[in-house]
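The values are calculated or read from the model by the stated rules, or taken from the named source; none is laboratory data. A quick note: this is a predicted structure, and the numbers were derived from the prediction, not measured. Because the Cβ atoms are built from the backbone with ideal geometry, glycine has one as well, and the counts that use them run over all protein chains shown. Accessible surface areas use protein heavy atoms only, side chains included; no ligands, DNA or RNA. Shrake-Rupley method; radii C 1.70, N 1.55, O 1.52, S 1.80 Å.
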Number of protein chains: 4
Amino acid sequence: MALFKSINNKAKTIDSSGFGTSASNYGGRFVNKNGDANVRKKGIGILERTSWHHFMLTIPRWQFFGIIILFYFLANLFFATIYYYIGVEHLNGIIATNNAEKFGQAFFFSVQTFTTVGYGHINPTGFWASFVSSVEALTGLLTFAIATGLFFGRFSKPEAYIKFSENAIIAPYENGTALMFRMTPFKNVNLTDAEARVTLGLSIEENGKMVNKFYQLPLELDKVNALTLSWTLVHPITEKSPLYNFTAQDYGSIDGEILVFIKVFDDVYSTHLVKRTSYIFKEIVYGAKFNIMYNQNEDDSVTILDLQKLNSFEKVNLQ
Amino acid sequence: MALFKSINNKAKTIDSSGFGTSASNYGGRFVNKNGDANVRKKGIGILERTSWHHFMLTIPRWQFFGIIILFYFLANLFFATIYYYIGVEHLNGIIATNNAEKFGQAFFFSVQTFTTVGYGHINPTGFWASFVSSVEALTGLLTFAIATGLFFGRFSKPEAYIKFSENAIIAPYENGTALMFRMTPFKNVNLTDAEARVTLGLSIEENGKMVNKFYQLPLELDKVNALTLSWTLVHPITEKSPLYNFTAQDYGSIDGEILVFIKVFDDVYSTHLVKRTSYIFKEIVYGAKFNIMYNQNEDDSVTILDLQKLNSFEKVNLQ
Amino acid sequence: MALFKSINNKAKTIDSSGFGTSASNYGGRFVNKNGDANVRKKGIGILERTSWHHFMLTIPRWQFFGIIILFYFLANLFFATIYYYIGVEHLNGIIATNNAEKFGQAFFFSVQTFTTVGYGHINPTGFWASFVSSVEALTGLLTFAIATGLFFGRFSKPEAYIKFSENAIIAPYENGTALMFRMTPFKNVNLTDAEARVTLGLSIEENGKMVNKFYQLPLELDKVNALTLSWTLVHPITEKSPLYNFTAQDYGSIDGEILVFIKVFDDVYSTHLVKRTSYIFKEIVYGAKFNIMYNQNEDDSVTILDLQKLNSFEKVNLQ
Amino acid sequence: MALFKSINNKAKTIDSSGFGTSASNYGGRFVNKNGDANVRKKGIGILERTSWHHFMLTIPRWQFFGIIILFYFLANLFFATIYYYIGVEHLNGIIATNNAEKFGQAFFFSVQTFTTVGYGHINPTGFWASFVSSVEALTGLLTFAIATGLFFGRFSKPEAYIKFSENAIIAPYENGTALMFRMTPFKNVNLTDAEARVTLGLSIEENGKMVNKFYQLPLELDKVNALTLSWTLVHPITEKSPLYNFTAQDYGSIDGEILVFIKVFDDVYSTHLVKRTSYIFKEIVYGAKFNIMYNQNEDDSVTILDLQKLNSFEKVNLQ
C-alpha cells in the first residue's frame, strides 16, 4: 500500500462504522462488491455458526434444487434399504428374479410412499413393512412441508432490485469536482423513500500505528421520494471533504474504499430494504461525466430507461 | 403543452422527487393513476429485469389461474410424451386399441402421478417407467409447494385498501381557496397513523431549457391518528403556494400533476402500507365543495360511511 | 346526552383524530371496546368492500373451520354430480344397486380424488371421467394450498396479547387527581418499547352546532422500555387538562370517550404491534386506587404477576 | 442483599424501565440471561395465557418433532378405533385372524388415509367406512397444512444471531475506568444499523421503603452502521455515572443488574431484530481488558473473526 500525504484535517472522522479500527489486524477490503462484509468466522463449529435459514435462502438456485434432489434420492435409498432387509416378500406385488431387481422395486415402492403417490400395485404386508411405510409417509409429508416453506421463503425473500454503476467517477461539479456514482432499479418494482449513506474508509498511520479511519461523505441529496429512474449520488469535494487533497495518482495508488448503504421502501413487500456495495479506489475514474440514461418515447407518453447505459460516461479533463 | 405565466417565485422547489429533472428527456405523466411510475425499462433482457415475485403477486387473478392451469397441462403433456416413448406396455393396466388412446391413457397416468392421486389401476413396471414416475411425483410435489407459496403470497400481500376521489377540487377555504381531494378506506380494515405527502410536478422553461420542477404542497393536516371515515387533504393556496397565480383556465391548459403519497399502518398486517396516486391538472375541478359522506344510523349507535359519495361534490363560484 | 358546563378552555384540541368532526353526523361511540372503529360502510357491493384476507384471518376459529368443511362438502357434491351424469359405469369398481348408492359411491370417489388419497378400488375409465378427475385433483391440491396459506396466516397473524383494565379510574395523584387505567401482557410474550397515546373525544356545542372535539391527554409516562408487569397509564388532571372541571356527576351524565392507542414491539414476530381500546365515561370510576398486581415468589427468585387483579381497585374519597 | 453507600446522586434515574418499582414486591433478577423477563403469570387459565404461536415457535426442536409424532400416532389410533368399531369387514382387503391383527390393519389403513398415500389394497366399502375415511383424509390434509405453516414459521422466525461476552468488565478507560462488555454476530448474517441501550437496575432504600431504581448508562457509542466484527459497548464511569462510587467489593456484594437491549437490522429478514440480555453484578469482572478477537488472514485479503475469544480478557490493576 502506497503512503499518501496526510489527509485533509478539516474532515471529520466517525467511529460508528462497525469495522475494526486496528488496520494491522484487518485484511482486505471492508465490504465486498455484493455488499457482504469481508470477514470470515472461526472458533466455533460450522454448524453452530451457520444460520440454515440464511443459507438456504441465499444459495444459488441450482444448488438449492441440487440439495432437494439429493435429499430425495438419499431418503429413498435409506428406506429402500430398510424394506430390503425386512424382506421384499413383505411387499405384495413385487415380481423380481434377482437381488438388484428386488432392491430396485423396493426403491420405487419407497418413492411411491415418500411422495404419497401410493399406486398400490406394490403394498406392504405384515407389521414391519407397514410400520416403516407409515414412518416414511410421515417423513415424506414433513419433508415437503419444509420444502414448501423453503420455496416460499426463497421466493418471497425481500430483495432490493437495484444496480449500481460499476465505477464511481470524479466529475466536474459547480466550480470544483464531486465524487459521483449512480444506481437504478432494474426490475418491475416500485421503490419509494430511498435514503443513502456513503462512508470513506482508509488505513492511515497515526502515532506510528496503522489504524482504519472512516469519514462520512456528505451528499448533495441523500433522500429521494421515489426511485424510478437513475439516481446519481453526488458528494461535492469541498474544503471539508476528506477527498479534498487527492490527485488522480492518489486514487490509483492508495487503498481507500467508498462504502455505500442504501435503504428503500418496496410497495409489494411493504417493507424497507437495504442494499450495500463498495467502490475501492481502483474503481474510481478520475475525470468523467455520466451520460443521461432515460428518454421519452416517440409519442411523449412514457419515459424509457435504458439500463445498459447505467455505467455509461465520457471522459472529461479536470483542471 | 401551453406556456403559462411564470410560477409564483415565493414557492420553493424540492430536488428529492426521484423523477427526472430534464423535461425534454421525460415523456408523459410522472405517476400513473394506480400509483406506478410511468417509466418503461429496456437495455437488459426481459428475464433479467423481471422480478417473478412481483409479477406473480400483482397480475390479475384470471391470469394467475391461467398460468397455473397451463403449466399443469404442459407438464403432464411433457411426461405423457416420455411415457409414450418408453412404451405404454410398461404401464400396467392400460387397455388401448390405438395410439391416441395409448397417449391419452399415458396422459391420465401422468396426471395421477403428478398430483400424487395414484389410483394404481395404471401403474409403472420396469426401470424407466418407474424412474420417470419418481421424477414426476417429485416435480408435482415441488410444483404444488411453489403454488402453495404463490397463493399465500398473493393472499397475504399487504395492500392499502384506500380509494381516492376521482377529482381534486379547488374549493373555498377560509378567506381564499385550497386544493382538496379526499380518500377513504373501503374495506373491513383498521388503518391508523396515516401520513400524506403531496407534491406538484410541472415542466417549465428555465434558461431556455425545459426542466421538470417539483414543489412540496404543504397540507393543513398531514397526519391523522386513525383513518376511519373520509380524510380530506387540504393544501391552502396561500401567497407561498406554487398554485397561487393559477386561474381556472390554467388548470385546463397546463400539463401539471399532483403527486400523492400516503403511508398508513394496518392492524392485521401489522405493517406500514404505502399508496400512491396522481391527479393531472385536467382532473382538477375549479370551484367545488365536497359533500359530507357519512351519517349516523337511525338509533344513533353507529356511523354509516357512504362510499358512493367519495367523489360527490357540488360546484361553487370562486370570486 | 346531558349538556355540561363549558370545557376547560386552557385545554388544547387536536384535529388529527381521524374521526368525523361533525357530531350531528356521527352516531354512537368512536371506538368499540375491542379497538375497531364504530363505523359501517355502504354504497359499494359487499364483495368489493370486503378484504378476504382480513375476513378469513379475523373470524372466530369455529367459523373458519365451518367454512372449510362446508367448502369440502360442496366441492365433492359438485364433482360427484358431474361423475353421476357422465355415468358411474365409467368409474371402475363401483358396485351399486340403486341410484342413491351410485351417487354415494361417486361422492366417495370424488373425495378420494379431491384429497389425492386415490385408493384406486374405484378408478376412472374413458376420457370424460379421467378428465374430470384430473381437474378435480388439481382443484383439490390448489384448495389445500390455499388452506395451508390460510392456516399459516391465521396462526402467524401478529397480535398484541395485552389486556386492559375494564375500568378507568379517577385516583388521587400528588396533590390532585389523575385519570388512570392499566394494562398487562397476558401471554408468553416478550414486549418491549411500548408507547401509549390517549385522546379524549367529546361532542360539544360550538356556535350553535354540535361538533366532535378531540383532546390529547398528556401522560406522566408515555413510553416504557419493556412491558413485563402491569403498566398504569396516568394522565394528571392539572389546570390544563380538559378534564379539569369535571365532577363525579359529569362522568355519569356526559357522553365522553377516552381513546387509547398502544404500540409495542414483539420479539417473536419482530414487528411493532398496535392495540386499541376505549373507555366511555360510564366506565370511569370516580375515586379509586388500583391494587398492585405482582408479588415476589417464596424464595424471592422470580416475580409473580396475578392477571386476575388487573381490574382490582379500592374506592377512595376524593375531596 | 448487602446495603451499599448511597448512590451517586448526580446520576439521573429513569422511570420508563417497565419493571416494577416496588422492590419488596419484586423477586429475583429483572431479566434472565437469555433476555426474557423474570416474571411468571398466574390468575387466568394456562390455555388463555398461552400464545400457541409463540409456544410452537420457541420450543426446542426435539419437543417440536415429538409433538408432531405424538399427534400423528394419536390421530391414527383414534381413527383406527373408529374403523375397528364400524367393523373391519367394511375394509376390503384386510386378511386378519385375530382382533389384534384386525386392529393393526385398521391402524395402517388409517395411516394410509391420513397421509393420503392410499395404496388401495385396503379400501373402504359401505357408507360409514367411506365417510370416516373422507373425514380422516380431510383431517390429515389440514394437519399437514398446519405442520407446513409451523415448519415455515419456525424456520423463518426472525432471530438476531448475536452472542454476548459472558462477563462485563470494569476496564481502564482514558483517565478513569469504564464498564465494558462486547458482542458479535456469530452466524452467516449481515447485520447493519445496530443500536444499544444499557440500563442499571438497583434496589435501594428510599424513605424507609425498598424501591427499584433504574439508571440509563450513557455509552461512548450507542450506534454502529454495521455489526461485522465485535462491538465493545463502553460506559465511561464519569462523575455523573451511577457507578461512580462503586468499589471492587461492591460489585461482589450488591444485587445490581445491567440490562442490555440491542436493536439491529438483518438483510435477509429485512426487518429490525431485538436482542436482550443482562449482567448481574456477580458477572462483572473488576479490573480487566478485552483481547482483540479478529486478525487478517495470511495474504491480507480477508479478516478472520475468532468467535472463541469473545469472552477473552486479561486482568489488569485499576488504581
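Using the Cα centre as the reference, give the magnitude of the dipole from point charges on the C-beta atoms of chain D (Lys, Arg: +1; Asp, Glu: -1; all else neutral), rounded to the nearest 20 debye.
Working: 28 positive and 27 negative charges, 167 e Å.
My answer is approximately 800 debye.
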Amide H contacts under 5 Å for A:Tyr173, restricted to residues at least 5 apart in sequence or on another chain and with H modeled in the peptide plane, are A:Ala178
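Quick check on the protein assembly as shown: helices-only [θ] at 222 nm, where DSSP H runs of length 4 and up contribute -39,500 (n - 2.57) each and the sum goes over total residues. Nearest 500, please. Display every interim value, and only then the final one.
Working: 20 runs with 338 residues, N = 1276.
After summing the helix terms and dividing by residue count, I get -9000 deg cm²/dmol.
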With all protein chains in place and a 1.4 Å probe, A:Asp15 shows an accessible area in Å² (nearest 10) of 120
So the FRET efficiency between B:Phe65 and A:Ile69, C-beta based with R0 = 25 Å and rounded to 0.05, is 0.30
Rounded to whole Å², per residue accessible area for the protein assembly as shown with a 1.4 Å probe reads 44
Non-local residues with an amide H under 5 Å from the amide H of B:Lys213, with H modelled 1.01 Å from N and Pro and chain starts lacking one, are B:Leu202, B:Ser203, B:Ile204
Taking a crude spin-label model, label points 7 Å out from Cα along the C-beta direction, the D:Gln308 to A:Gln249 distance in nm is 4.7
Ranked by GNM mean-square fluctuation in chain B (Cα springs under 10 Å), the top entry among B:Tyr294, B:Tyr173, B:Tyr119 is B:Tyr119
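Place a +1 charge on the Cβ of each Lys and Arg in region D:1-128 and a -1 charge on the Cβ of each Asp and Glu, then give the dipole magnitude about the Cα centre in debye, rounded to the nearest 20.
On the way: 11 positive and 5 negative charges, 235 e Å.
Once rounded to the nearest 20, the dipole reads 1140 debye.
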Length gained, B:Thr238-B:Val135, 0.36 nm per residue minus C-alpha separation, equals 30.0 nm
For the B:Lys289, C:Lys289 Cβ pair and Förster radius 56 Å, calculated FRET efficiency rounded to 0.05 is 0.60
With all protein chains in place and a 1.4 Å probe, D:His54 shows an accessible area in Å² (nearest 10) of 0
Interface residues of region B:170-216, defined as losing at least 30 Å² of accessible area versus the chain alone with a 1.4 Å probe, are B:Phe186, B:Lys187, B:Asn188, B:Asn190, B:Thr192, B:Asp193, B:Arg197
Taking N as the residue count of region A:52-156, its alpha carbon Rg divided by 2.2 N^0.38 Å gives 1.22
Quick calc, C:Glu195 & C:Asn175: beta-carbon distance into FRET formula, R0 30 Å, rounding 0.05, result 0.60
Chain A, Gaussian network, Cα under 10 Å: of A:Lys41, A:Lys163, A:Lys263, the residue fluctuating most is A:Lys41
Residues from region C:40-82 losing no less than 30 square angstrom of accessible surface in the full protein assembly compared with the chain alone, 1.4 angstrom probe, ligands and nucleic acids excluded, are C:Arg40, C:Lys41, C:Lys42, C:Gly43, C:Ile44, C:Glu48, C:Arg49, C:Ser51, C:His53, C:His54, C:Tyr72
Karplus ³J(HN,Hα) for region D:207-212 (6.51 cos²θ - 1.76 cosθ + 1.60, θ = phi - 60°; Hz, whole; x = Gly/Pro) runs 6, x, 10, 7, 10, 8
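For chain C, with all protein chains present and a 1.4 Å probe, just round the carbon and sulfur fraction of the accessible area to a whole percent. Numbers along the way, then the final one.
On the way: 7540 of 13910 Å².
C and S fraction of accessible area: 54 percent.
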With +1 on the Cβ of every Lys and Arg and -1 on the Cβ of every Asp and Glu, the dipole magnitude of the protein assembly as shown about its Cα centre, in debye rounded to the nearest 20, is 980
Between chains D and C, total accessible area buried, probe 1.4 Å, no ligands or nucleic acids, nearest 100 Å², roughly 5500
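Using only alpha carbon positions, build the gyration tensor of region B:1-95, then give the equivalent ellipsoid semi-axes as the square roots of 5 times its eigenvalues, largest first, whole angstrom.
Values: eigenvalues 630, 38, 23 Å².
Semi-axis lengths for region B:1-95 are 56, 14, 11 Å.
Under the rule a/c < 1.5 gives rounded, and otherwise a/b versus b/c splits prolate from oblate, where does region B:169-319 land using the Cα gyration tensor? Write out the running numbers ahead of the final one.
Numbers: a/c = 2.50, a/b = 1.52, b/c = 1.65.
Since a/c reaches 1.5 but b/c is at least a/b, the shape of region B:169-319 is classed as oblate.
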Given pairs C:Lys12/C:Lys209; A:Lys157/C:Lys187; A:Lys10/D:Lys263; D:Lys263/D:Lys315; A:Lys41/D:Lys263; B:Lys33/B:Lys213 and cut-off 24 Å on Cα-Cα distance, the over-length ones are A:Lys157/C:Lys187; A:Lys10/D:Lys263; D:Lys263/D:Lys315
For the protein assembly as shown, whose charge dipole is built from +1 on Lys and Arg Cβ atoms and -1 on Asp and Glu Cβ atoms, the candidate among A:Ala100, A:Ser301, C:Val234 with its Cα farthest towards the positive end is C:Val234
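Counting pairs of alpha carbon atoms under 8 Å apart in space and at least six apart in sequence, what relative contact order in percent does region A:52-156 give?
Values: 85 pairs, mean separation 31.3, N = 105.
Answer for region A:52-156 is 30 percent.
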Interchain or sequence-distant (5+) residues whose placed amide H lies within less than 5 Å of the amide H of C:Asn190 are C:Asp267, C:Val268
Taking max minus min of the Cα coordinates of the protein assembly as shown on each principal axis, largest first, gives extents in Å of 88, 83, 83
